[in-house]
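Structure first, then comments.
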Amino acid sequence: MAFRDLIDEVDDTVFDVLGDRALIDGREVQGMFSAPWLQPKLGRIATALREPHLVIRVKDNAGVETRQRVEVDLPEEDGGGAYTITNIEPSGDGLVALVLRKAV
């Protein structure tokens with residue numbers, strides 16, 4: 001088994017078990033949602049990323065474009081709700097970060 005195949009199987013398991021459900025223009029994907037302003041206040045974490053973001057796999061990124069609507073299926077207190085994609089940032093490791101802005 002090739003290394004990429006092995007990592008793809010690991011990602012399938014991790015995203016299925018730990019991922020957050022989201023709809024991108026009505027298409028369901030599993031991703032890892034983060035809203036930095038909701039993170040626990042333990043110590044100081046220096047990060048340049050302040051916008052909410054949804055990390056998805058490259059294979060789920062086909063057809064994703066800026067200005068598309070994303071619905072994150074989480075309680076509002078955890079940052080769930082409607083967002084607009086403002087930027088798409090591939091990381092080179094099989095994942096893509098979708099930078100989001102709260103939809104009005």
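The values are calculated or read from the model by the stated rules, or taken from the named source; none is laboratory data. Here the structure is a predicted model, which means the values were calculated and not measured. Don't worry about glycine lacking a Cβ; one is built from the backbone with ideal geometry, like all the others, and counts go over all protein chains shown.
Going through A22, A62, A48 one at a time, which residue ends up being assigned to a loop (DSSP other than H, G, I, E, B) and modelled with pLDDT of 90 or more? Before the answer, list the steps.
On the way: A22 fails: assigned to a loop (DSSP other than H, G, I, E, B); A48 fails: modelled with pLDDT of 90 or more.
Sole residue among the options that is assigned to a loop (DSSP other than H, G, I, E, B) and modelled with pLDDT of 90 or more: A62.
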Worksheet entry | Counted residues, the range 61-84 - those being surrounded by fewer than 13 Cβ atoms within 10 Å (Cβ to Cβ) and either touching an Asp or Glu at 6+ places or on another chain (Cβ under 7 Å) or within 16 Å of R21 (Cβ to Cβ) (or both) | 4
Worksheet item: Across the range 85-104, which residue is surrounded by the most Cβ atoms within 10 Å (Cβ to Cβ) among those that are touching a residue at least 40 places away in the same chain (Cβ under 8 Å) and among the small types (G, A, S)?
Response: A97
Discussion item. So the check is Cβ under 9 Å with 6+ separation or different chains; which pairs have a first residue in the range 51-68 that's of a type in the set (D, E) and a second one that's assigned to a loop (DSSP other than H, G, I, E, B) and buried (at least 17 other Cβ atoms within 10 Å of the Cβ)?
Written reply: E51/A35
Fill in: Within the range 69-84, considering residues that are part of a strand (DSSP E or B) and touching a residue at least 40 places away in the same chain (Cβ under 8 Å), the one nearest to D11 (Cα to Cα)
V72
Practice prompt. Go through the residues of the range 69-82 one by one and say whether even a single one is hydrophobic (A, V, I, L, M, F, W, C) and at pLDDT below 95.
Written response: no
